[in-house]
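Handing you this structure, nothing more for now.
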Amino acid sequence: MDKILINLLRQFNPETAHNISIKLLKHAPILIKAYKDKSLELDIAGLKFANPIGMAAGFDKNAEVFNSLAKIGFGFVECGTVTPKPQFGNPKPRVFRYIEDEAIINRLGFNNKGVNNFLSNLVNRNNFYSPLGINIGPNKDSKNFVDDYINLINHVYEYADYITINISSPNTENLRKLQNKNELEELIKSIVSSIKDKDKQKPIFIKINPDENIESYKDIIDLVNKYSIAGLVISNTTIQRDRNLTNEMQNETGGLSGKPLFNQANKILELIYRETQGSIILIGVGGVSSGHDAYQKIKLGASLVQLYSAFAFQGPSLINRINKELVQLVKKDGFNSISEAIGSGV
Ligand SMILES: Cc1cc2nc3c(=O)[nH]c(=O)nc-3n(C[C@H](O)[C@H](O)[C@H](O)COP(=O)(O)O)c2cc1C
């Protein structure tokens, strides 16, 4: 079934194929039943997860299909990136698919329908029981990025189980500068003060890029500790291009995801886990396409794992496959539960 679907979608350019997938998930009957196993259940940041595999941000940008994604087996879904105003993004074509390499390059630039539309879709939240993350980012033409984040937090706070601050997309000019120590401290201070009087304290994550130097990651860790941020999402797409990649890929600008990102994102994950030793929550993302890959991230310190690109290449049955494989790997290592495996490889 997946093979037929994938071959059909490959007839279209990647962005159209994505839009068709969203329509199918929204309107077609969901024939897959989520695989469940007790050993995959987790309690992280006060939230209950049926399994550690989440849909990464960027797939469900407008919060249209989070229910369907949970039905096909995802343990959680991160919607967005949503910006305050609707935004077209960069000129098309802006998504490039490399089937042989199981890689994607995108320079979408936060195309989305804006936060009001996003919130109108969240009324369907009532019957959604899996944790829902909301990933937020500023508009391209914003006069003040920090104001955009605070405005978004105030809008989405009551609907989110956790919020991810996206400061790592390579496709919005100057966004990654927010990862610099001074800028990041200003941003985090504003965020912390904007939520301190809310009734319920919800976990805030910061999604970082995989292209910085070690010192910069250490600065981020210091600030996350100083201001009690729940954790980090590691990582967004990379702007680096491995020399082994095809010429085509070397030349296309944008963020690279999928298989070629796996080792690079894992290096940063491991580095940050070594520095933090479980004091903050790490969500591992980048290049996961099997249960084995997901397990590797968990052993390197990820409490939760996300994926996007492999879903586009392998289709919806991938999630149950990954979860079944995880159950076997947990057993093989003699653990009773996936949570015992977190960081066990470091
Ligand atoms: C087409 C596309 C669009 C994306 N859009 C977003 C986005 O809006 N916000 C975000 O934080 N990450 C976005 N990402 C990055 C993913 O969330 C993820 O961090 C990255 O793709 C690495 O995971 P993967 O190798 O499993 O795809 C996007 C990725 C792709 C491929």
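Would you kindly calculate the translational diffusion coefficient of region 95-187, applying Stokes-Einstein with the Kirkwood radius from alpha carbon pairs, for 20 °C and a viscosity of 1.002 mPa s, and quote it in µm² s⁻¹ without decimals? Mind dumping the intermediate values first?
Numbers: Rh = 15.1 Å.
After rounding, the answer is 142 µm²/s.
So how strong a dipole does region 80-236 carry about its Cα centre when Lys and Arg Cβ are +1 and Asp and Glu Cβ are -1, to the nearest 20 debye?
On the way: 20 positive and 19 negative charges, 92 e Å.
Here the size comes out at about 440 debye.
Okay, moving on. In region 275-303, whose amide N lies under 17 Å from the spot 7 Å out along Cα-to-Cβ of K332? List them in ranges.
289-300
Could you compute the net charge surrounding K3? Neighbours are other residues with a C-beta less than 15 Å from the C-beta of K3; K and R count +1, D and E count -1.
Every neighbour counted, the sum reads +1.
Moving on to the next point. Determine Rg/Rh for region 1-41; Rg is computed over alpha-carbon atoms and Rh is the Kirkwood hydrodynamic estimate from the same atoms.
On the way: Rg = 13.6 Å, Rh = 12.1 Å.
Checking Rg against Rh, the ratio lands at 1.13.
Ok, one more. Grab the DSSP H runs of the chain that are 4 residues or longer, score each as -39,500 (n - 2.57), total them, divide by all residues and round the 222 nm result to the nearest 500 deg cm²/dmol. It would help to have the intermediate numbers written out before the result.
On the way: 12 runs with 126 residues, N = 346.
Computed ellipticity for the chain at 222 nm equals -11000 deg cm²/dmol.
By how many nm would the segment from N180 to K36 lengthen if fully extended, with 0.36 nm per residue of separation less the alpha-carbon distance?
Values: separation 144, 0.36 × 144 = 51.84 nm, distance 4.12 nm.
So the chain would gain 47.7 nm between N180 and K36.
Kindly flag which residue pairs out of K207/K324; K3/K207; K26/K196; K33/K202; K177/K267 have an alpha-carbon separation exceeding 26 Å in this structure.
Table pairs above 26 Å Cα-Cα are K207/K324; K3/K207; K26/K196; K33/K202.
Placing +1 at every Lys and Arg Cβ and -1 at every Asp and Glu Cβ, with all other atoms neutral, what dipole size does the chain have around its Cα centre, in debye to the nearest 20? Walk me through the numbers before you get to the answer.
Details: 41 positive and 36 negative charges, 152 e Å.
The dipole of the chain has a size of about 720 debye.
Please express the shape of region 257-346 as an equivalent ellipsoid: the semi-axes are the square roots of 5 times the eigenvalues of the C-alpha gyration tensor, given largest first in whole angstrom.
Taking √(5λ) for each eigenvalue gives 20, 17, 9 Å, largest first.
Reachable aspartates and glutamates from K218, Cα under 18 Å, same-chain residues fewer than 8 places away excluded?
Partners within reach: E183, E185, E186, E270, E275.
Using 1/(1 + (r/R0)^6) with R0 = 22 angstrom and r between the beta carbons of S120 and S228, what's the FRET efficiency to the nearest 0.05?
Numbers: r = 32 Å, r/R0 = 1.47.
Result of the calculation: an efficiency of 0.10.
Any chance you could tell me what percent of the C-alpha pair distances in region 182-289 go past 16 Å? Present the calculation step by step, with values, prior to reporting the outcome.
Numbers: 3544 of 5778 pairs.
Beyond 16 Å sits 61 percent of the P(r) for region 182-289.
Something else about it: Going by average Cβ density within 10 Å per residue, which order do the peptides 42-53, 11-22 take, highest to lowest? Walk me through the numbers before you get to the answer.
On the way: 42-53: 20.0, 11-22: 15.2.
Packing proxy ranking, top to bottom: 42-53, 11-22.
Related question: Show me, bin by bin at 10 Å from 0, the whole-percent P(r) of region 1-112 based on Cα pairs.
12, 37, 36, 14, 1
Of the beta bridges DSSP finds with both residues in region 2-341, what % are antiparallel, to the nearest 5? Mind showing how you got there, number by number?
Details: 13 of 42 bridges.
Antiparallel: roughly 30 percent of the beta bridges in region 2-341.
Sticking with this one: Cut-off under 15 Å on the C-alpha distance; same-chain residues fewer than 8 positions from K200 excluded. Which aspartates and glutamates are left, in chain and number order?
E158, D161
Another question about this same structure. Excluding residues on the same chain fewer than 8 positions from K113, give the aspartates and glutamates whose Cα lies under 13 Å from its Cα.
Output for K113: D60, E64.
While we're on this one: Can you figure out the FRET efficiency of I214 with R243, using R₀ = 25 Å and their beta-carbon distance, to the nearest 0.05? Show your work: numbers first, answer last.
Working: r = 22 Å, r/R0 = 0.88.
Efficiency, from the Cβ-Cβ distance: 0.70.
To continue, here is another question. Which loop chymotrypsin sites (Phe, Trp or Tyr not before Pro) in region 56-122, with loop taken from DSSP, have no more than 16 other Cβ atoms within 10 angstrom of their Cβ? Could the numbers behind the result be given before it?
Numbers: sites: F59, F66, F74, F76, F88, F96, Y98, F110, F118; in loops: F59, F74, F88, F110.
Of the chymotrypsin sites (Phe, Trp or Tyr not before Pro), the ones in loops of region 56-122 whose Cβ has at most 16 other Cβ atoms within 10 Å are F88.
Enter the per residue convex hull volume of the chain, computed from alpha-carbon coordinates, in Å³ rounded to the nearest integer.
Numbers: hull volume 44.3 nm³, N = 346.
Convex hull of Cα atoms, per residue: 128 Å³.
On to the next question. Considering the Cα trace of region 240-305, what is its radius of gyration and what is Dmax, both in angstroms?
Rg, Dmax (Cα atoms, Å): 13.3, 41.
No value in this document is a laboratory result; all are computed from the given coordinates. Since the structure is predicted, the reported quantities are computational estimates derived from the model, not experimental observations. Virtual Cβ from ideal backbone geometry, glycine too; neighbours counted across all protein chains shown.
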